[in-house]
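What follows is a set of notes on a single structure, which appears directly below.
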Amino acid sequence: SVAARAVDARKTYGEGDAAVHALAGVTVDFPAQEFTAIMGPSGSGKSTLMQCVAGLDRLTSGQAFIGDTELSTLSKTDLTLLRRDRLGFIFQQYNLIPTLTAEENILLPLTLAGEDPDREWFDQIVRTVNLTDRLGNLPSQLSGGQQQRVAVARALVPRPDIVFADEPTGALDSRTGIEILSFMRRAVDETGQTIVMVTHDPHAASYSNNVLFLADGQIIDSMADPTTDRVL
Ligand code: ADP
Ligand code: ADP
């Protein structure tokens, strides 16, 4: 099944001579329980595509779907609720709360939503990202890679339909980046999570099931199972 979809998605910034067509008609399906990477040079529209499909920004025209829901039909409030209840986000900056422990940071989205965690699932995710021994630590007591693993767990624990990741390894050294990508890959293989990741790094993309190549706001190519170079 399809977790998210864009149909003739267009996004234009500015007007007239100054108009930038960040998305110039993108149609794509993001399959459920797969790890899709969006690649392309800087300025090709990767972040814009992800942000519009994830409901963080609005298209100029065309449609963006999460499941069967077309995002332009939602009010601002309903869009916020859809993001909170159905989506997870991992960014280059981990955005952890410095005064909360790793466990409290991981549980924060559920706490804010007033929901009780599924402890079995929590334990499985924490094991998958190898944080079992670090749950009581504050972010300042964790390495960059450990902090990003906390951010990965925070995105996965509420069982979102889709996790969107924008350059999740961009701030990490390459070895730590590989570790994070392996954990994201395991989350797809072991828990059936759906992940959409923006990256300009071919090695990062090799952890995905499916790579989309963007140039000048259009999809110019795609590749299934790019296993080259993958270190697991
Ligand atoms: P990528 O993620 O591939 O680097 P972006 O989606 O960030 O590409 O940007 C695509 C194009 O849209 C670029 O030319 C960028 O400068 C432009 N752009 C992105 N966001 C804005 C914005 N908020 N205002 C104006 N132009 C923007
Ligand atoms: P990325 O390449 O990952 O999009 P950027 O540093 O290009 O990262 O963009 C960071 C933020 O700035 C994004 O939210 C993007 O929408 C916005 N942005 C990018 N280009 C422009 C621009 N020309 N004018 C205004 N905002 C922009």
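The values are calculated or read from the model by the stated rules, or taken from the named source; none is laboratory data. Just so it is clear, the structure is predicted and the values come from calculations on it, not from any experiment. Neighbour counts run over all protein chains shown; Cβ positions are idealised from the backbone, glycine included. Heads up: the accessible areas ignore ligands, DNA and RNA and are worked out on the full protein's heavy atoms, side chains in. Shrake-Rupley method; radii C 1.70, N 1.55, O 1.52, S 1.80 Å.
Between a first residue in the stretch 184-197 that is within 17 Å of Ile90 (Cα to Cα) and a second residue that is at pLDDT 90 or above and of a type in the set (Asp, Glu), which pairs have beta carbons less than 7 Å apart while being 6 or more apart in sequence or on different chains? Going by the 7 Å Cβ cut-off, the qualifying pairs are Val188/Glu34; Thr194/Glu34; Thr194/Asp161. Of the strands (runs of 3 or more DSSP E) lying entirely inside the stretch 125-232, those containing at least 3 residues that are touching a helix residue (DSSP H, G or I) at 6+ places or on another chain (Cβ under 8 Å) span 162-166, 195-198.
For the stretch 174-188, the criterion of being out of contact with any Cys (no Cβ under 8 Å at 6 or more places or on another chain), surrounded by fewer than 15 Cβ atoms within 10 Å (Cβ to Cβ) and at negative phi is met by at least one residue.
Which residue, of Leu96, Leu59, Leu82, is in contact (Cβ under 8 Å) with a residue 12 or more places away in the chain and in a helix (DSSP H, G or I)? Leu82 is the lone residue from the list that is in contact (Cβ under 8 Å) with a residue 12 or more places away in the chain and in a helix (DSSP H, G or I). The condition of being free of Cβ contacts under 8 Å to residues at least 12 places away in the same chain, within 16 Å of ligand 1 (Cβ to nearest atom) and either open to solvent by 50 Å² or more (accessible area, probe 1.4 Å) or outside any helix (DSSP H, G or I) (or both) holds for only one of Gly25, Gly43, that being Gly43.
Might you let me know whether the stretch 109-132 holds any residue that is surrounded by 14 or more Cβ atoms within 10 Å (Cβ to Cβ) and within 16 Å of ligand 1 (Cβ to nearest atom)? Within the stretch 109-132, none of the residues are surrounded by 14 or more Cβ atoms within 10 Å (Cβ to Cβ) and within 16 Å of ligand 1 (Cβ to nearest atom).
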